[in-house]
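Down below is the structure, laid out as structure tokens.
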Amino acid sequence: MVRANSSSTSAPAGTGFNATRRDASGVATASLTSVQPYVENAADDAVDEAVRALRWRRDELDPELPPRISFAGACHLILAAATRRRLAGLDYEFERLKALMLELELTTVDLVWRDRDDLYHVRNPFPVGGVYEDPATDAAAAAFGGYLRALGLVATPARVPVLQGQDMGRPSVIVVDIGPGGGGITMTGGAVPIA
């Protein structure tokens, strides 16, 4: 639970610490720094099965953003769509994708589309959590930030907004701060106070 307050708090980077802030207009944000991420190749057969479960084709993937499994506290398979239309048309086989995710110990499949080098649209199927799709996924955003850094797709330090939930009517923006070298990835987004 994130509890927004009017004061800023701080802790050493990489601790997983939540920092909450409220600006002068009363808007609350929360920041979370992940553990040190790592990125590994995704096996071709796993990617093929994910693509089939998503009802996509291999030629609908962006060849400039290769499939990878990225970890920043949890594992996520990152697949990049070649077009915004492909990303928007999410219609996958729930049980089939869930089975693959359980086998690979994935938390989500992070589906991304590059609008610009510094702006991405994402969708996160979450059948292992019992829901079709998550509208805002900090853990996946952290893993994606690690992916961008590991593959040299951003010049660090970098700040990359990730737009999620638009296609499901629950828009969110997660700002991903990617430091140079090692260290955790920091995600910041809007927060709702919980009484």
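The values are calculated or read from the model by the stated rules, or taken from the named source; none is laboratory data. What you are looking at is a predicted structure, and each value in this text was computed from that prediction instead of being measured. Please note: Cβ atoms are built from the backbone with ideal geometry, for glycine as well, and neighbour counts cover all protein chains shown. Surface areas here come from the heavy atoms of the whole protein model, side chains and all, with no ligands, DNA or RNA. Shrake-Rupley method; radii C 1.70, N 1.55, O 1.52, S 1.80 Å.
Please state the charge dipole magnitude for the chain, taken about the Cα centre, from unit charges on C-beta atoms (+1 on K and R, -1 on D and E), reported in debye and rounded to the nearest 20.
For the chain, the charge dipole is close to 600 debye.
At R55 and R22, where each label point lies 7 Å from the Cα along Cα→Cβ, what is the point-to-point distance in nanometres?
In this crude spin-label approximation the distance works out to 4.5 nm.
If a/c stays under 1.5 just call it rounded; otherwise compare a/b with b/c (prolate if a/b is bigger, oblate if not). Do that for segment 38-195, with a ≥ b ≥ c from the square roots of the Cα gyration tensor eigenvalues.
Judged from the Cα gyration tensor, segment 38-195 comes out rounded (a/c under 1.5).
Per DSSP H run of n ≥ 4, the term is -39500 (n - 2.57); total these for the chain, divide by its residue number, and report the mean residue ellipticity at 222 nm rounded to 500 deg cm²/dmol.
Result for the chain: -6000 deg cm²/dmol, rounded to the nearest 500.
L163 versus L102, label points 7 Å from Cα toward the beta carbon: distance in nm?
Inter-label distance under the simple model: 3.6 nm.
If I take R0 = 25 Å and measure r between the Cβ atoms of A43 and R170 in this structure, what FRET efficiency does the formula 1/(1 + (r/R0)^6) give, to the nearest 0.05?
0.20
Give a quick list of GluC sites (Glu not before Pro) in segment 81-165 that DSSP marks as loop, anything other than H, G, I, E or B, with at most 11 other Cβ atoms within 10 Å.
Hits after loop and neighbour filter: E105.
At 1.4 Å probe size, with every protein chain present, just tell me what the per residue accessible area of segment 21-86 comes to in Å².
Value for segment 21-86: 51 Å² per residue.
So how do H121, H76 rank on accessible area, 1.4 Å probe, biggest first, that is with the largest at the start?
Ranked from most to least accessible, the order is H121, H76.
Ignoring ligands, DNA and RNA, how do T108, T188, T83 rank by accessible area with a 1.4 Å probe, largest first?
T83, T188, T108
Report the full-extension gain for the segment L119 to E93: residue separation times 0.36 nm, less the Cα-Cα distance, to one decimal in nm.
Separation in residues times 0.36 nm, less the Cα-Cα distance, equals 6.6 nm.
Q166: net charge of surrounding residues, Cβ under 11 Å, Lys/Arg +1, Asp/Glu -1, itself excluded?
In short, +2.
In the neighborhood of E103, defined by Cβ-to-Cβ distances under 12 Å, what is the net charge if each Lys or Arg adds +1 and each Asp or Glu adds -1?
Spelling it out: positives minus negatives among the neighbours equals -1.
Within the accessible area of the chain, what % is carbon and sulfur when the probe is 1.4 Å and the other protein chains stay in place?
Answer for the chain: carbon and sulfur cover 52 percent of the accessible area.
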